[in-house]
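Just below is one structure, and these are the notes that go with it.
The values are calculated or read from the model by the stated rules, or taken from the named source; none is laboratory data. Bear in mind that the values here come from a model prediction, so they are computed numbers and not experimental data. Reconstructed Cβ throughout: ideal geometry from the backbone, glycine too, with neighbour counts over all protein chains shown. Note: areas computed on protein heavy atoms with side chains; ligands, DNA, RNA excluded. Shrake-Rupley method; radii C 1.70, N 1.55, O 1.52, S 1.80 Å.
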Amino acid sequence: MTKIVIDGTELDVPADYTLLQACEAAGKEIPRFCYHERLSIAGNCRMCLVEVKGGPPKPTASCAMSVKDLRPGPNGEPPVVLTNSPMVKKAREGVMEFLLINHPLDCPICDQGGECDLQDQAMAYGVDSSRFHENKRAVADPYIGPLVKTCMTRCIKCTRCVRFTAEVAGTMDMGAMNRGEDVEITTYLESAMTSELSGNVADICPVGALLPKPQNFQARPWEMNKTQSIDVMDAVGSAIRIDTRGREVMRILPRVNDLVNEEWISDKARQIVDGLKRQRLDRAYVRVNGKLQAASWSQAFAAIAAKAQATQGARIGALAGDLASVEEMFALKMLVESLGSQNIDCRQDGVKLDPKFGRASYLFNTTIAGIEQADAIMIIGSNPRKEAPVLNARIRKRWRQGGLLLGLIGEKADLTYDYNYLGADPAALEQFASHGAIQKERPMFIIGQAALARPDGLAILSLAAKIAKNIGVVKDGWNGFNVLHTAAARVGGLDIGFTPGEGGLDAVAMTNPGALDMLFNLGADEIDVAPGAFVVYIGSHGDRGAHRADVILPAAAYTEQTGIYVNTEGRVQYAQRACFPPGEAREGWAILRALSEALGHKLPFDSADMLRAKLEAAHPHFVNYDHATPADADALVAGKGGALEARPFGRVIDDYYLTNPIARASAVMAECSAVASGAHAHKEAAE
């Protein structure tokens with residue numbers, strides 16, 4: 001620790017702190033534009049100037065000067081820093097005057113208004129006039145993709161976006177051209193950004209140069225109500241804020257959670273907003289003479305009850321989709337079991353994970369933040385860039401720090417960092433095991449669903465667990481055995497045992513011809529149900545599941561109900577309702593409660609709180625919100641399963657932007673998909 005005096009207050013700070021960090025530790029607010037806590041230091045906006053006593057006779061950029069670089073006083077006194085002296089005040093006013101030379105007077109029409117750092121700091125640190133009367137410079141607005149709108153005349157060249165794409169996203173999409181006053185930030189050839197995290201550049205832009213294109217001119221910040229929630233587009237469980245106006249979701253932004261997503265979210269999490277309004281189910285439907293017809297709730301319940309009474313319990317089943325909350329799955333499990341069935345499954349992709357093998361066999365045991373402690377990572381049957389972009393950014397962050405040994409077994413892909421490619425099939429995993437123990441302190445396996453959602457998935461899981469124990473991936477004080485899920489509902493479903501009971505059928509078996517007479521489908525839209533079974537679909541969108549249904553019960557989307565989700569690391573998370581569902585749609589648990597009464601098997605709760613009390617009594621770890629309860633590594637499955645297949649690991653996500661009903665209903669995601677596939681090319685004006 002080093003002593004330093006800031007505005008008359010002496011304090012101890014780490015020697016590697018910058019002056020800006022030291023000033024913030026002293027409770028002093030330092031204005032800045034280019035500095036960002038998670039990006040490298042650029043030192044080019046000069047707004048963070050402070051005065052250093054005994055130093056150069058000019059202001060010092062506090063973001064670029066370290067505490068250890070300061071000289072003590074003549075008699076060994078601690079260095080003295082002033083943050084509000086006349087020199088600093090004059091310097092900041094001058095910097096602000098320069099920044100506003102070419103900045104347009106767009107505040108009344110700029111979407112950044114009300115959230116603009118330049119506005120706020122001009123009011124706090126600027127002056128009310130300018131000595132410059134020359135014409136303002138204007139530049140063209142380059143196309144950088146369907147998610148980010150550019151207005152580069154407003155750009156102040158802070159280079160945050162450039163550093164983000166180079167350091168966090170790893171795609172090097174953006175850069176600076178020309179020099180001096182002619183500098184322009186662009187994607188060089190005006191091509192769309194290729195990162196799945198590209199929307200974050202709009203968040204970190206301190207002015208209105210980069211803005212979310214789909215929300216352009218839609219609302220002002222002060223018009224919207226803000227609700228903290230959890231993202232369900234993947235299994236990372238990123239912390240988000242849902243901004244609504246009335247009954248409509250206007251935008252989704254990230255919240256800071258250093259243990260999960262830091263302050264980034266994926267493009268799909270951010271821009272599926274329009275998908276929440278399109279293709280919505282807002283009333284019940286019953287299939288009559290082969291066609292779905294609108295019906296009342298009582299008519300729909302009567303049709304279901306008539307079929308249930310004529311069906312044996314063993315011929316009834318239930319599927320849970322990838323976006324279902326834990327409460328919905330728990331209620332559906334109780335309902336189906338009360339009807340005498342053990343045919344339940346939340347694994348519509350056929351993955352061979354099961355709670356009977358121990359909780360450690362399906363969790364990301366080191367936690368997402370634990371990636372930064374790893375010194376060796378082996379990725380098996382996974383493409384983290386497509387399956388969990390935010391988690392992939394964490395791996396890249398650790399890789400950039402150096403000293404990380406990275407390997408990949410599976411489909412070769414651009415993961416935004418270098419790795420050693422070992423092969424594409426289980427034989428490569430067996431060959432890797434023959435090398436013996438890893439000479440690393442904290443090695444890690446990341447096993448993806450492409451390795452587990454195969455007929456030999458259990459054998460692969462067992463082999464990976466055996467290798468992990470043999471080579472030191474799992475040992476005292478460190479559990480590096482990690483399963484990376486792609487579905488937000490999967491870990492919660494496994495936690496409550498939403499898997500086939502004794503003699504029950506799994507998802508694949510239930511959807512085969514003649515397997516069942518009646519199937520409850522809770523938003524499972526990624527699996528085809530063979531003709532024959534009577535399907536009751538409970539979901540929010542008119543997707544594949546609704547097309548196959550005989551009765552449709554309209555349910556709320558994840559933004560329209562309060563629910564519990566468990567992310568890939570086993571962290572119990574609480575998503576809050578931001579608005580109300582459309583039309584006659586209701587929350588999933590309420591639908592199941594009402595349906596149970598119509599079926600003559602009334603569920604033992606009358607409210608969401610009563611349901612959660614039942615859930616927490618049956619599974620006590622659900623009491624600990626925002627906590628990843630560690631699993632027992634000793635129970636890790638090993639030595640089970642049959643023979644391995646020779647075929648290579650495939651991919652579980654063919655199109656990152658169209659993985660669930662909400663995303664497929666989104667026009668913005670459809671455009672992103674077209675751009676990513678090359679089916680859509682940005683046209684120049686001359687074309």
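In a shell of Cβ-Cβ distance under 10 Å around residue 281, excluding residue 281 itself, what net charge do Lys and Arg (+1) and Asp and Glu (-1) give?
-1
Restricting to bridges with both residues inside the stretch 382-531, how much of the DSSP beta-bridge set is antiparallel, in percent to the nearest 5?
For the stretch 382-531, the DSSP antiparallel bridge percentage is about 25.
R0 = 22 Å: FRET efficiency of residue 66 with residue 183, Cβ-based, nearest 0.05?
Calculated value: 0.20.
Taking loop as defined by DSSP and a crowding limit of 14 other beta carbons within 10 Å, which trypsin sites (Lys or Arg not before Pro) in the stretch 98-176 fit?
Those satisfying the criteria are 131, 136, 137.
As a check on your grasp of the helix formula, calculate [θ] at 222 nm for the chain: sum -39500 (n - 2.57) over DSSP H runs of n ≥ 4, divide by the residue count, round to the nearest 500.
That comes out to -6500 deg cm²/dmol.
With every protein chain present, what is the per residue accessible area of the chain (1.4 Å probe, Å²)?
I get 41 Å² per residue for this part.
Just to confirm a number: summing +1 for Lys and Arg and -1 for Asp and Glu over residues other than residue 599 whose beta-carbon lies under 12 angstrom from that of residue 599, what do you get?
+2
Would you indicate which of (i) 42, 32, 27; (ii) 49, 31, 23; (iii) 49, 37, 21 is the value of semi-axes √(5λ) of the Cα gyration tensor in Å derived from the coordinates of this structure?
So the structure-derived entry is (ii).
Net charge within 15 Å of residue 106 by Cβ-Cβ distance, Lys/Arg positive one each and Asp/Glu negative one each, not counting residue 106 itself?
Within the 15 Å Cβ shell, the charges total +1.
Please report the carbon-and-sulfur percent of the accessible area for the stretch 213-269; probe 1.4 Å, protein heavy atoms only, DNA, RNA and ligands left out.
Exposed carbon and sulfur together represent 46 percent of the surface.
Which ³J(HN,Hα) values in Hz, rounded to whole numbers, follow from the phi angles of the stretch 439-450 under the Karplus curve 6.51 cos²θ - 1.76 cosθ + 1.60, where θ = phi - 60° and Gly and Pro get x?
After applying 6.51 cos²θ - 1.76 cosθ + 1.60, I find 7, 9, 7, 10, x, 9, 9, 10, 9, x, 6, 5 Hz.
With a 10 Å radius around each residue's Cβ, average the other Cβ atoms per peptide and rank 4-14, 29-39, highest first.
29-39, 4-14
Exactly which trypsin sites (Lys or Arg not before Pro) in the stretch 203-263 are in a DSSP loop and have at most 12 other Cβ atoms within 10 Å?
247
Calculate what fraction, in whole %, of the accessible area of the stretch 100-165 sits on carbon and sulfur atoms when a 1.4 Å probe is rolled over the protein chains.
57
Tell me the label-point distance for the pair residue 654, residue 58, using the 7 Å Cα-to-Cβ offset, in nm and rounded to one decimal.
6.1
Taking the highest mean first, how do the peptides 308-317, 347-356, 390-399 order by number of other beta carbon atoms within 10 angstrom per residue?
390-399, 347-356, 308-317
Which part of the stretch 460-488 falls in the paramagnetic zone of residue 634, meaning amide N under 14 Å from the point 7 Å along Cα-to-beta-carbon?
Output list for this probe position: 475-477.
With both partners inside the chain, how many of the DSSP beta bridges are antiparallel, as a percent to the nearest 5?
55
I want to check the label-to-label distance for residue 307 and residue 1. Put each point 7 Å from Cα in the C-beta direction and report it in nm to one decimal.
About 6.8 nm, to one decimal.
Determine, for each peptide in 79-87, 52-60, the mean count of other beta carbons within 10 angstrom over its residues, then list the peptides with the highest first.
The peptides rank, most packed first, as 79-87, 52-60.
What nm distance separates the two modelled labels at residue 623 and residue 125, each placed 7 Å from Cα along Cα→Cβ?
If labels sit at residue 623 and residue 125, their model points lie 4.9 nm apart.
What FRET efficiency would be calculated for the residue pair residue 610, residue 291, taking the C-beta separation as r and a Förster radius of 30 Å, to the nearest 0.05?
Efficiency, rounded to the nearest 0.05: 0.20.
Take the Cβ-Cβ distance between residue 411 and residue 278 as r, set R0 to 45 Å, and report the resulting FRET efficiency rounded to the nearest 0.05.
It comes out at approximately 0.90.
Determine the share of the stretch 322-408's accessible area contributed by carbon and sulfur atoms, expressed in whole percent, with a 1.4 angstrom probe.
Whole-percent figure for carbon plus sulfur exposure: 48.
Given H placed 1.01 Å from N in the peptide plane, which residues other than close sequence neighbours of residue 534 have an amide H under 5 Å from its amide H?
518, 519
What is the chain's relative contact order, in percent, from Cα pairs under 8 angstrom and six or more apart in sequence?
That works out to 14 percent.
Please report the relative contact order for the stretch 541-653, taking Cα pairs under 8 Å with a sequence separation of at least 6, and give it as a percent rounded to a whole number.
The normalised contact order for the stretch 541-653 reaches 23 percent.
For the stretch 192-327, what does the relative contact order come out to in percent, with C-alpha contacts under 8 Å and a separation of six or more?
Across the stretch 192-327, relative contact order equals 16 percent.
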